[in-house]
Every structure is written in structure tokens, then in C-alpha cells.
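What follows is one structure encoded as C-alpha cells, with my remarks underneath.
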Amino acid sequence: MLPLPDPYAVIPLLARPLRLVPHPLQQGVLALALEQVFRASVGEGDLDFLEGRCLAIEIEDAGWRWPIRLAGGRLEVLEREHPADVVIRGESPAFLAMAGGFEDPDTLFFQRRLVIEGDTELGLGVKNFLDGLDEERLPAAMQQALRLGRGVRSRLLQAR
């Protein structure tokens with residue numbers, strides 16, 4: 001059996017072509033994804049701490065920057081250069097590890113693979129929201145993806 005490639009080595013190579021995706025296309029896709037994934041959380045007020053505030057996600061190796069704010073009960077993806085109250089920055093493997101359930105957000109922050117700059121209280125609010133996100137409130141496809149990620153993670157750990 002061939003060994004699996006190190007995802008931390010492969011993902012940055014895959015991220016490079018993503019720099020070519022125009023920001024307006026990124027905005028549209030991300031806005032739809034945010035609407036689907038966080039609809040229940042927004043509806044129940046779990047993200048009210050973001051109302052009128054701007055959080056920017058920066059994925060450095062992909063060259064992506066997404067300023068996001070909650071306005072009028074909707075998450076909006078703003079223009080790339082919009083000023084942010086807080087920035088969460090890192091490389092794509094760290095964000096994918098967090099999103100896929102491979103790594104705990106606290107671990108990524110303590111290892112400085114993800115960095116919070118600006119209004120750290122707002123950044124910690126976002127991190128705590130993600131930590132406490134109830135998987136059952138996510139769309140079924142996202143729940144399946146998280147379960148798949150955890151399964152892959154356990155197999156990778158067993159193979160080591």
C-alpha cells in the first residue's frame with residue numbers, strides 16, 4: 001500500500017491556482033455557502049456579536065481575503081479591501097484542518113498556524129462560536145463532510 005502524501009505539503013500546491021479566481025466569483029460562492037451553513041445560527045442570534053462588525057478571513061497561500069459582516073440578519077461577503085475589525089489569518093492547510101475536524105481551533109491558534117489580529121475579543125468570540133458549533137444544526141452535507149474528515153484523521157493517526 002502506498003503511503004498517503006502529507007496534506008500539509010500537498011494543499012499549498014493545490015491552493016496556488018486559487019489565486020486566479022476573481023474576487024467577485026469568490027464572494028458569490030462564499031455568500032451562498034455561509035447562508036447554507038450558518039442559517040440556523042444567524043436565525044437564533046448566535047452570531048449577533050458580529051452585527052455591524054467586520055471579520056476578515058485571510059488564507060495567505062491562496063491569496064484570498066474575505067471580509068464578512070452580519071448586517072440585517074444576513075452574513076455578507078464584502079469587497080476584498082474592506083477594513084476589518086478583526087482578521088483571522090493562516091495558510092490553507094490550517095483552515096482545512098479546522099473545517100474538516102482534523103484539528104481543534106485552539107491547537108491551531110496556540111501553534112500560531114492561525115493568527116488573530118485586531119479586536120481580539122471579537123476574534124475570540126468567533127473562535128468560541130466555531131468551537132461550540134452544534135454539528136446537528138449544520139446542513140446534512142456538511143455533517144457528512146465533518147464525519148468523513150474525522151474518519152480520515154483517525155486513519156491517518158493509526159497509520160503513523
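Every read-out reported here was derived from the displayed coordinates using simple, explicitly stated rules and does not represent laboratory data. Quick caveat: nothing in here was measured; it's all calculated off a predicted structure. Please note: Cβ atoms are built from the backbone with ideal geometry, for glycine as well, and neighbour counts cover all protein chains shown.
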* To do: Using packing as a proxy for protection, rank 33-42, 16-25 so that the peptide with the highest average count of other Cβ atoms within 10 Å comes first.
  => 33-42, 16-25
* **Cβ-based charge dipole, the stretch 14-121, positive-most Cα from His23, Leu78, Gln36** => His23
* To do: Order by neighbour count: Thr120, Thr107, fewest other Cβ atoms within 10 Å first, most last.
  => Thr120, Thr107
